[in-house]
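Asks: I'd like to ask some things about the structure below.
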Amino acid sequence: MKQGDSVYRVLFVEDEGLGQPRVDGILNLTDKTEYVRATSLREARALLQSGRFDVVIADESRLRRVIDSIFTFVGLFSVGGVVMDVNQSPLTESTLGREQVVGHRFVDLPWFAHSAAERARIDTAITSAAYGETVRLETWIRSARDGGLRCIDAGFSPLRDQNNVITHVIGSGVDITGRKQAEMELAASQMRLAEAQRVAHIGSWEWSVADNRVSWSDELFNIYGIDRAAFDASYEGFLARVHPDDVEHTTTVIRRAVEGVTPFIYDHRVRRPDGSVRMLHTRGEVLPDVEGRAGRLVGSCWDVTDRWQATQQLEHTVSTLKATLEATADGILVGDRDGRVAALNQRFLALWRLPSDTAPGTDIRRLAEMVRDQLVEPDAFVGLVAELYGDAEMESHDIIHFKDGRVYERYSMPQRMGDAICGRVCSFRDVTQREQLMQSVEARRAEAETARKQYETILERISDGFVALDRTWRFTYLNSAAARTMGRNVEDLIGKHIWGEFPEGHAEKFKRAYEQAAEEQRPLQIREFYSPWQRWFENRIYPSSGGVSIFVSDITEQVEAQQELHANNEQLRALAARLDAIREEERRVIAREIHDQIGQALTSLKLDVGWLRSQLDGGGSAAVDERARAMEALVDQTIETTRRVSAMLRPAILDDLGLAAAIRWQVREFQQRVGVACELDLPADGPAVAPAIGLSLFRIVQEALTNVARHAQARHVRVGLAIDSVSTVLTVSDDGRGVTVEELERPTSLGIVGIRERALAVGGEVTIQGSAGVGTTLTVRVPTVIEQMPVATMPTQ
């Protein structure tokens, strides 16, 4: 009966022909009771299973037979969960007697002994029904017959009296174990299918053409990299995920399948939301509708991206291999295990002069027979080919000689796939030039060895020491002279470190010169005193990429002789300077005597001749007057000559007015005497030079102008003088024929020697440069201030 409803629906089961229903002691029916009569057991079962009735009332015997015959569990419980009554079928099935069930708490029955959790759930459900709730749940019980677990769809609802008070709880249960197991097997199957799809990267799909509805499996969503919510489950939504370059091909394949209602297979790419691209292999079937047209399309997609990429990589590798095979200079022949051609390149055919149509599958032994006429030793070649293809593990490297002079190098190795041998690879290289070069190299090596021995013989005969050091400063060779110089044996030094054997030389200049030559890779020459041995040595150092070679000359005697010669030269130069000073002093004295005494005497004589002429005016003969005039002219000429000779010996202007004035006078006198145009560049003032320097430079100017007059054939001369506090520079240049190197180095060029000696005497240096047809330039540089030089004086009379 339903609370709040004034009508109670009662199923009344009666025997056929039975009159009014009998009311049992459980319910007191009211006038608002709706009766439905069931006159047979089948009808009662059908009505009971409809669930439209609140109470079932029947004649006790008839009602019991109906309820007992129902396999569904039906029980009446107290509000405390004690079983008041139960139908017979579940008791029979579980082999329990009525006395084992009725009067006992439902949760304490053997059906729930296996699980405390299930007991608690049932107890809670009965309690909830006792409080007015209707509860339905699935529970697991243990069968008393076979001990197995059974799944029961159980329901508990309250039973109320006419006052709407809950007096009992009605329980029912249906065995759904078969259905449950089927559901579990279905779920497991679906799970296995999903797992298989995940592992195999296979997704399934279905497209209902009529309503344009597309459904995908979970794995297909994973393959596409999208969520279900982000997918427009339509054909257009699917095409939106296809790579743009594959859309046309995809639509064409599907359209033809739909039009022909035929299966289809194709590959296409899809683009994921993250931008990555996957390649899918799709297989589908078109299921027709009742009219034979395409109703549904179902199929699967395999994610073959890895295989696709591997295939692309393989194709690229094969393409690269083929290109490499054809690009290599070697002839390549690949044979299978049966000795037949598996692959070859055009270079192989060209090397062996074989027909261009030689193809894979050709017997390699037949190829060997085809080329035997080209070979110097054909039997050995053919025999080795047979041996190689008879022994799969064999490796070979040999040289093949041809009758026309060609030489090939052959490498033959097994081709392996993993650990298994699948064929043989042979490479042939034309090494004719290399063999010829090797022969040439061997010949040159023999020549070099002979030359080396000759060089060693020469090096042993020379008086200089010769040492060869490698890049680590170890001796690789030294001749006997070098060993004697070092005071060691040759065999004791080969391979030894030079500074390890001669540590005393580590700080000497020779070591730094060796290192500099090796670093800069340029020859060096050094002459230095080697203090550990108290000797002078000259080293000529020649670097190379392998080390340095050094010629060592003991120049101690030469240096000592040069030092002695230099000392003698210095003494001679000092003597010459002193003699020159003495000559200058003599010139000065003579010039003064001529100027002071002879010049005065001539002047007096000129005055006397003039007086005599005055006395003869008008009173003498013409001849006497003419002779007096001639005497006066002769006296004037003699006075001029005396003045000129005095100036040439020692111009007084040099002592009185200085070097610049003396040079100006000398150049003017040269221009008047020789007729060559002269240009002067002299300082108006500046530091005064020491007398010795001024005299030397003046004499150099005289000598230079004399050389110009004698040899230069010049039209113009320029004389320059520059004086500062450090140095004085004299230049004399002309536009004549130009002095040659031979003339400069000729010992008989005394004028040039004299110029150099005068400059050296005052600590100066001379540079002479001449060009044919351009002229000659003399440059003299001397210090402006030098120590006072002794000046030789003549004893006065």
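The values are calculated or read from the model by the stated rules, or taken from the named source; none is laboratory data. Just so it is clear, the structure is predicted and the values come from calculations on it, not from any experiment. A quick note on method: Cβ atoms are made from the backbone with ideal geometry, for glycine too, and the neighbour counts reach across all protein chains shown. We work out accessible area using only protein heavy atoms, side chains counted, and drop any ligands, DNA or RNA first. Shrake-Rupley method; radii C 1.70, N 1.55, O 1.52, S 1.80 Å.
Asks: Of the residues A567, A513, which single one is open to solvent by less than 80 Å² (accessible area, probe 1.4 Å), at pLDDT below 85 and on the phi < 0 side of the Ramachandran plot?
Replies: Working: A513 fails: at pLDDT below 85.
Selected residue: A567, the only one of A567, A513 that is open to solvent by less than 80 Å² (accessible area, probe 1.4 Å), at pLDDT below 85 and on the phi < 0 side of the Ramachandran plot.
Asks: Mind checking which residues of segment 375-402 are surrounded by fewer than 15 Cβ atoms within 10 Å (Cβ to Cβ), within 45 Å of the chain's Cα centre (by Cα) and β-branched (V, I, T)?
Replies: Within segment 375-402, just I399 meets the criteria.
Asks: Need the failing condition index for R781 against (1) open to solvent by less than 30 Å² (accessible area, probe 1.4 Å); (2) of a type outside the set (V, I, T); (3) modelled with pLDDT of 90 or more, just the number.
Replies: Against the list (1) open to solvent by less than 30 Å² (accessible area, probe 1.4 Å); (2) of a type outside the set (V, I, T); (3) modelled with pLDDT of 90 or more, R781 comes up short only on (1).
Asks: Here's another thing I want to ask about it. Within segment 727-759, work out how many residues are touching a strand residue (DSSP E or B) at 6+ places or on another chain (Cβ under 8 Å), under 17 Å from S696 (Cα atoms) and open to solvent by 30 Å² or more (accessible area, probe 1.4 Å).
Replies: Of the residues in segment 727-759, 2 are touching a strand residue (DSSP E or B) at 6+ places or on another chain (Cβ under 8 Å), under 17 Å from S696 (Cα atoms) and open to solvent by 30 Å² or more (accessible area, probe 1.4 Å).
Asks: Within segment 431-445, can you find the residues that are within 12 Å of E409 (Cβ to Cβ), of a type in the set (A, V, I, L, M, F, W, C) and in a helix (DSSP H, G or I)?
Replies: M438
Asks: Select from segment 326-343 the residues that are open to solvent by 40 Å² or more (accessible area, probe 1.4 Å) and of a type outside the set (D, E, K, R) and write down the one among them that is nearest to V431 (Cα to Cα). Break it down stepwise before answering.
Replies: To start, the set of residues in segment 326-343 that are open to solvent by 40 Å² or more (accessible area, probe 1.4 Å) comprises 326-329, 336-338, 340, 342.
Next cut, of a type outside the set (D, E, K, R) only: 327-329, 342.
Values: A327: 17, T328: 14, A329: 11, A342: 25 Å.
Taking the candidates together, the pick is A329.
Asks: Condition (residue is of a type outside the set (S, T, N, Q), over 30 Å from R512 (Cβ atoms) and either in contact (Cβ under 8 Å) with a residue 40 or more places away in the chain or in a helix (DSSP H, G or I) (or both)) applied to segment 472-485: is it met by at least one residue?
Replies: Looking only at segment 472-485, we keep the residues that are of a type outside the set (S, T, N, Q), and these are 473-475, 477-478, 481-484.
From the residues that got through so far, the ones that are over 30 Å from R512 (Cβ atoms) too are none.
Taking every residue of segment 472-485 in turn, none turns out to be of a type outside the set (S, T, N, Q), over 30 Å from R512 (Cβ atoms) and either in contact (Cβ under 8 Å) with a residue 40 or more places away in the chain or in a helix (DSSP H, G or I) (or both).
Asks: Oh, and also: Which condition number in (1) in contact with a Leu (Cβ under 7 Å, 6 or more places away or on another chain); (2) β-branched (V, I, T); (3) modelled with pLDDT under 75 is the one that I541 fails?
Replies: (3)
Asks: Looking at segment 578-686, what helices (runs of 4 or more DSSP H) fall wholly within it and have at least 3 residues that are at pLDDT 65 or above and open to solvent by 70 Å² or more (accessible area, probe 1.4 Å)?
Replies: Numbers: elements: 599-616, 622-649, 652-656, 659-674.
Answer list for segment 578-686: 599-616, 622-649, 659-674.
Asks: Within segment 77-107, which residues are touching a residue at least 60 places away in the same chain (Cβ under 8 Å) and more than 15 Å from A154 (Cβ to Cβ)? Step through it out loud before you land on a result.
Replies: Step one: list which residues in segment 77-107 are touching a residue at least 60 places away in the same chain (Cβ under 8 Å), which gives 77-79, 81, 84, 90, 106.
The answer is S78, V79, M84.
Asks: Something else now. Counting only residues that are surrounded by 15 or more Cβ atoms within 10 Å (Cβ to Cβ) and part of a helix (DSSP H, G or I), which one in segment 195-209 is modelled with the lowest pLDDT?
Replies: Step by step, filter segment 195-209, then rank; the result is Q197.
Asks: Restricting to segment 171-192, and then to whatever is of a type in the set (S, T, Y) and open to solvent by 30 Å² or more (accessible area, probe 1.4 Å), can you tell me which residue is modelled with the highest pLDDT? Walk me through how you get there before you give the answer.
Replies: So the first thing to find is which residues in segment 171-192 are of a type in the set (S, T, Y), and the list is 172, 177, 189.
Checking the rest, the ones that are also open to solvent by 30 Å² or more (accessible area, probe 1.4 Å) come to 172, 189.
Working: S172: 89, S189: 63.
Residue satisfying both the conditions and the ranking: S172.
Asks: Further question on the same structure: Report yes if some residue within segment 767-776 is under 60 Å from the mean Cα position of the chain (by Cα) and crowded, with 16+ Cβ neighbours inside 10 Å; otherwise report no.
Replies: Looking for residues that are under 60 Å from the mean Cα position of the chain (by Cα) and crowded, with 16+ Cβ neighbours inside 10 Å, one finds at least one in segment 767-776, hence yes.
Asks: Same structure, new question: Check segment 452-469 and report whether any residue there is under 29 Å from Q563 (Cβ atoms), outside any strand (DSSP E or B) and of a type outside the set (S, T, Y). Break it down into steps so the answer makes sense when it comes.
Replies: Here is the first cut: in segment 452-469, the ones under 29 Å from Q563 (Cβ atoms) are 462-467.
When the remaining residues are screened for being outside any strand (DSSP E or B), the result is 462-464.
Narrowing the set further to residues that are of a type outside the set (S, T, Y) leaves 462, 464.
Yes, segment 452-469 contains a residue that is under 29 Å from Q563 (Cβ atoms), outside any strand (DSSP E or B) and of a type outside the set (S, T, Y).
Asks: Going by the structure shown, is D357 assigned to a loop (DSSP other than H, G, I, E, B), touching a Phe, Trp or Tyr at 6+ places or on another chain (Cβ under 9 Å) and either more than 30 Å from G203 (Cβ to Cβ) or touching a residue at least 40 places away in the same chain (Cβ under 8 Å) (or both)? So that I can check it myself, show each step before the final result.
Replies: Numbers: assigned to a loop (DSSP other than H, G, I, E, B): yes; touching a Phe, Trp or Tyr at 6+ places or on another chain (Cβ under 9 Å): no; either more than 30 Å from G203 (Cβ to Cβ) or touching a residue at least 40 places away in the same chain (Cβ under 8 Å) (or both): yes.
Taking the combined requirement at face value, the residue does not satisfy it.
Asks: So in segment 405-444, with the set limited to residues that are touching a residue at least 60 places away in the same chain (Cβ under 8 Å) and polar (S, T, N, Q), which one is most open to solvent (accessible area, probe 1.4 Å)?
Replies: Q415
Asks: Sort through R372, R353 and tell me the only one that's among the charged types (D, E, K, R), open to solvent by 20 Å² or more (accessible area, probe 1.4 Å) and over 25 Å from K322 (Cβ atoms). Talk me through it step by step, then tell me what you get.
Replies: Working: R353 fails: over 25 Å from K322 (Cβ atoms).
Going through R372, R353 in turn, just one is among the charged types (D, E, K, R), open to solvent by 20 Å² or more (accessible area, probe 1.4 Å) and over 25 Å from K322 (Cβ atoms): R372.
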